[in-house]
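Nothing in this text is a laboratory measurement; each read-out follows from the coordinates by a stated rule. Source: prediction; values computed, not measured. Note: ideal-geometry Cβ built from the backbone for every residue, glycine included; neighbour counts use all protein chains shown.
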């Protein structure tokens, strides 16, 4: 079984539902004095953070993820959650001086989201050296966390000879143009939604062809419209979706997609099939409230995949 390094955030998610549209309550010509209160009708606390979400979904698919991150003085219940789900905690730092990172996520009726994020102890990732890790890792996913940690872990992963996935997400705005260009050069894959990919292009001045230099693929997720995998030979592989039985909460769907896609990649599947695995994994997150509330067996996943895409696949442990 391939070991997968997942660097990113661990956080408690406070997920709130706003049963109306944000746009009805924000006046564009009054943004300089913005003072808005959204009255929510549901609040749930759950496990979250990019590293936690991605690792959780990898484990559901029978993979062996290793998390590099940190929790705070209230983080023991999160560590217990990982132990219960047989996810390693040996490279998670516990800081008894501050609270665990937290994300306060409000989703409106149009599936738009507003998020406030508290970093907590995530900067302690700077004390983690990938050079010192003894296990044999195949792949390193560098997902959003404190930006200096992302820069360090991506650089070290590449120098250690791992295949690298750059997943900058909401940290794109914190990273400078030079940071982004260096990190793009150090990555084998870039993944983000269509807005994030466009933002990277604007900040770097690089078009898709330039971003694909020395890469295996750029993966652009499109929400309910599927995803596109762009490759250096000029191909744009369009991937469809797996229809959800319900749309309870889109939070965490992208992290689930990543786990599905790269599980397929480590199995040696072609990129379209990898994207379809990502689509199938993401639908479970959409159908449940919270980012790590869903469960399925590998057999259930394979049946769901076959039903959505009319083909059978076999996953080797």
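With Cα atoms defining each centre, the range 155-194 and the range 201-235 are spaced 13 Å apart in the structure. When the helices in the chain are scored as -39500 (n - 2.57) per DSSP H run of 4 or longer and the sum is shared across all residues, what 222 nm value do you end up with, to the nearest 500 deg cm²/dmol? So the helix-based figure for the chain works out to -9500 deg cm²/dmol. Looking at the square roots a ≥ b ≥ c of the eigenvalues of the Cα gyration tensor of the range 67-217, which shape do they give, rounded for a/c under 1.5, prolate if a/b is larger than b/c, or oblate? Cα axes put the range 67-217 in the oblate bin. Size descriptor for the chain, Kirkwood hydrodynamic radius: 19.9 Å (Cα pairs only, one decimal).
Across the range 1-115, the mean sequence separation of Cα contacts (distance under 8 Å, 6 or more residues apart), normalised by length, yields a relative contact order of 38 percent.
For the range 180-317, calculate the relative contact order in percent as a whole number, restricting contacts to Cα pairs under 8 Å that are 6 or more residues apart. After rounding, I find 18 percent. Classify the range 141-215 from the C-alpha gyration tensor, please: rounded if a/c falls under 1.5, else prolate or oblate depending on whether a/b exceeds b/c. Note, shape of the range 141-215 comes out oblate. Distance from the Cα centroid of the range 44-58 to that of the range 1-39 is 16 Å (rounded to whole angstrom).
Note: relative contact order over the range 252-316, using C-alpha pairs below 8 Å and six or more positions apart, is 31 percent.
The order of the peptides 275-282, 29-36, 291-298, 148-155 by mean Cβ neighbours within 10 Å, most packed first, is 275-282, 148-155, 291-298, 29-36. Sorting 262-270, 200-208 by their mean Cβ neighbour count within 10 Å, with the most densely packed peptide first, gives 262-270, 200-208. Each peptide in 73-86, 248-261, 157-170 gets a packing score, the mean of other Cβ atoms within 10 Å over its residues, and the list from highest to lowest is 248-261, 157-170, 73-86. Normalised by residue number, the volume inside the convex hull of the Cα atoms of the range 51-90 is 61 Å³ per residue.
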